[in-house]
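To start, the structure itself, in structure tokens.
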Amino acid sequence: MRILRWIVIGSVATALLAVLAGQVGWFRGTPPGDLGVHAGRLKPPSETANSVSSQASLWPGHARREQAQIAPLALRGDGPATIARLQALLQGQPGVSIVDRRADYLYVRCETRLMKFVDDLEFWFDADSGVIQVRSASRVGHSDFGLNRRRIEELRARLAAS
């Protein structure tokens, strides 16, 4: 019985320490310095299973190229109008911050409430392809349990309905 009690106490203490670490910012990570559009491409997806990109196929030899692939977003009007709609859909959501907004590009940071994990989302109007290219990646960790993919797919549905 004493062993079970110590296991429970240890588990609760570990969980509380993890939440405290998140609250002080230990899980936020460092913002990538190479975000944005470079030579018609967004940054490649992460090598870990916590990112998706509509341009993953443009990175030959990337270890997760196929798993990270996600479809780009369809335009709703023209490119700048779609970027503005994306901003409107994201703005005001809990934990969402608009970091950079131009007519053809939107960079958004999403932070989880409890643990303060940060994901970086990028949207770029690719005029040559007539779509919005997307990239969504966690800054830290190895897995996001599909959160970045779900977030983009939910946003895709909301954009289509708007």
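The values are calculated or read from the model by the stated rules, or taken from the named source; none is laboratory data. Keep in mind that this is a model prediction, so the values were computed, not measured. Virtual Cβ from ideal backbone geometry, glycine too; neighbours counted across all protein chains shown.
If you go through segment 14-44 and keep only what is modelled with pLDDT under 75 and either assigned to a helix (DSSP H, G or I) or loosely packed, with under 12 Cβ neighbours inside 10 Å (or both), you end up with Thr14, Ala15, Leu16, Leu17, Ala18, Val19, Leu20, Ala21, Gly22, Gln23, Val24, Gly25. Leu89 meets the conditions (1) surrounded by fewer than 18 Cβ atoms within 10 Å (Cβ to Cβ); (2) in contact (Cβ under 8 Å) with a residue 40 or more places away in the chain; (3) within 12 Å of the chain's Cα centre (by Cα) in every case but one. The failed one is (3).
Restricting segment 127-158 to residues that are at pLDDT 95 or above, hydrophobic (A, V, I, L, M, F, W, C) and surrounded by 18 or more Cβ atoms within 10 Å (Cβ to Cβ) leaves a set whose member that is farthest from Glu111 (Cα to Cα) is Val131. Return yes or no: is Glu47 under 16 Å from Val134 (Cα atoms) and either without any contact (Cβ under 8 Å) to a residue 24 or more places away in the chain or part of a loop (DSSP other than H, G, I, E, B) (or both)? It is false that Glu47 is under 16 Å from Val134 (Cα atoms) and either without any contact (Cβ under 8 Å) to a residue 24 or more places away in the chain or part of a loop (DSSP other than H, G, I, E, B) (or both).
Looking across segment 77-128, the residues that are part of a strand (DSSP E or B) and β-branched (Val, Ile, Thr) come down to Val96, Ile98, Val99, Val108, Val118.
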